[in-house]
Amino acid sequence: MGGCSETENLLREFARSHCGVRLGYLFGRLALFANRRVFAQVVNGRLKYRAKHSVRDSQLFWNTLCTTGSGSQLQAVSELERSATLVVLQGEGKNI
């Protein structure tokens, strides 16, 4: 296997710096977990994360984000934090 992609490094650093987030693998892909639930993964070098399409949605959907460049990485960290929170709240049965 070749070197780590920029997106994989972002996920590793996110897991290191956020309490309660675990780094692991899902079907051979690097993924982030919160409360045993996957909320982000790397697919073809791109970040896929769980999010709502709108405030009224009760379901979470998979979104894709490019993480090249520092501005994109800052946005990715923000989206990952939001995604982890939504996944935890959904798992607890709270109205998100």
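Odds and ends about this structure:
- In degrees, nearest ten, helix 6-17 long axis to first principal axis of the chain (Cα): 60 degrees
- Loop-resident sites, the chain, for chymotrypsin sites (Phe, Trp or Tyr not before Pro), counting at most 14 other Cβ within 10 Å (DSSP): F27
- Residue with peak Gaussian network fluctuation, the chain [Cα springs, cutoff 10 Å], from V55, V21, V38: V55
- Fewest-first sequence of H18, H53 by Cβ atoms within 10 Å of each Cβ: H53, H18
- Expressed in Å, the radius of gyration and Dmax of the Cα atoms of the chain are 12.9, 42.
Readers should treat all values here as calculations from the given coordinates under stated rules, not as data from a laboratory. Bear in mind the structure is a predicted one, so any value in this text is a computation, not a measurement. Neighbour counts run over all protein chains shown; Cβ positions are idealised from the backbone, glycine included.
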